[in-house]
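Have a look at the structure below, then the notes.
The values are calculated or read from the model by the stated rules, or taken from the named source; none is laboratory data. Quick caveat: nothing in here was measured; it's all calculated off a predicted structure. Please note: Cβ atoms are built from the backbone with ideal geometry, for glycine as well, and neighbour counts cover all protein chains shown.
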Amino acid sequence: MSREHKSLPRLYVKAPLGAGGDLALGEDHANYLVNVLRMEPGARFIVFNGADGAWEASLTLARKRAAAATLVAQLRPQTPPSTLWFGFAPLRTGRLDYLVQKATEMGAGTIQPVLTRFTQVRNLKPEKLEANIIEAAEQCEVLSVPELAPEIGLTALLAAWPQTHGTMPLIFCDEAAEPQRLAAQLATLGQGPVGVLIGPEGGFSDEERADLLALPFVIPISLGPRILRADTAAVAALAIVQAIIGDWR
């Protein structure tokens, strides 16, 4: 994508995208383009929907509560969906927003809240999480928008894993794991689908850790000798996985 296009605003839309098509924009998008950015008919911006790639669009209607555009040309083809599953114990507002945004930027394909014994927050608002995912995708040129899976208890997740995820390994960040074995452990997994699970600020309980270690598809890894906040641990874990067996190779 050219430097000129990189400076254009990016919007996530749900409509199908194709050459020469017309695009109706809702009140929220109209407010952003017309009232915030002060765009007028003829102004250019970029749209994507997570399925049809990134498209340059030209504004044709610019009203305070409604806007429309014409699709000019595809700028980037659609990227394949990520096979990286990311599960996390919900945190308090602010840290939670950061965690979801960073998981999107780091290439997660599915993001799922997992309730544990020491989870700080329950009964999340899916629409708020989705808004954070979309905001991160818009800002960082992510075309394959992660799927937000409904929150689930850890026990239920582990019981259903073989049925929902087959033989996909589940990496969980274990404070008691040996750092020296990290690269060797991950290298044996190849580049297939994989899950990464981050616990809450208080860590997993002894019972939860025992349940995880008893399962054949679970792989404990260390994130090093330092104590990390849960949102920092998430970024560290995703970076390690992407660097050793993911799409950074």
ask   = Of (1) farther than 30 Å from THR167 by Cα; (2) out of contact with any His (no Cβ under 7 Å at 6 or more places or on another chain), PHE88 satisfies all except one. Which?
value = (1)
key: Residue in the stretch 112-153 that is nearest to LEU91 (Cα to Cα), counting only those that are in contact (Cβ under 8 Å) with a residue 60 or more places away in the chain, in a helix (DSSP H, G or I) and of a type in the set (A, V, I, L, M)   = ILE134
message = Being assigned to a loop (DSSP other than H, G, I, E, B) and at pLDDT below 95: is that true of PRO162 here?
response = no
request  = State which residue is nearest to CYS140 (Cα to Cα) when the search covers only the stretch 14-65 and only residues that are in a strand (DSSP E or B) and polar (S, T, N, Q).
outcome  = SER58
task = Give the residue that is surrounded by the fewest Cβ atoms within 10 Å (Cβ to Cβ), with candidates limited to residues of the stretch 146-158 that are among the small types (Gly, Ala, Ser) and closer than 16 Å to THR119 by Cα.
result = ALA156
query = When residues of the stretch 75-86 are filtered for being in a strand (DSSP E or B) and farther than 30 Å from VAL218 by Cα, how many remain?
reply = 2
query = Can you tell which of PHE86, PHE48 is buried (at least 22 other Cβ atoms within 10 Å of the Cβ) and within 19 Å of ARG229 (Cα to Cα)?
reply = PHE86
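Conditions (1) within 30 Å of GLN191 (Cα to Cα); (2) out of contact with any helix residue (DSSP H, G or I) (no Cβ under 8 Å at 6 or more places or on another chain); (3) modelled with pLDDT of 95 or more; (4) surrounded by fewer than 13 Cβ atoms within 10 Å (Cβ to Cβ), marked per residue:
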position: MET1; (1), (2), (3), (4): yes, yes, no, yes
position: GLY20; (1), (2), (3), (4): no, yes, no, yes
position: ALA24; (1), (2), (3), (4): no, yes, no, no
position: GLU27; (1), (2), (3), (4): no, yes, no, yes
position: ASN31; (1), (2), (3), (4): no, yes, no, no
position: VAL34; (1), (2), (3), (4): no, yes, no, no
position: GLN78; (1), (2), (3), (4): yes, yes, yes, no
ask   = Here are some conditions: (1) modelled with pLDDT under 85; (2) closer than 25 Å to GLU105 by Cα; (3) surrounded by 15 or more Cβ atoms within 10 Å (Cβ to Cβ); (4) not charged (D, E, K, R). TRP248 meets all but one. Which one does it not meet?
value = (3)
message = Looking only at the stretch 159-183, filter to residues that are under 22 Å from ALA230 (Cβ atoms) and among the charged types (D, E, K, R); which one of those is surrounded by the most Cβ atoms within 10 Å (Cβ to Cβ)?
response = ASP174
task = Looking only at the stretch 94-111, decide whether some residue is surrounded by fewer than 22 Cβ atoms within 10 Å (Cβ to Cβ), closer than 21 Å to ALA159 by Cα and either assigned by TED's automatic domain parsing to the domain that holds PRO193 or among the polar types (S, T, N, Q) (or both).
result = yes
request  = With respect to VAL72, determine if the residue is outside any loop (DSSP other than H, G, I, E, B) and more than 15 Å from LEU33 (Cβ to Cβ).
outcome  = yes
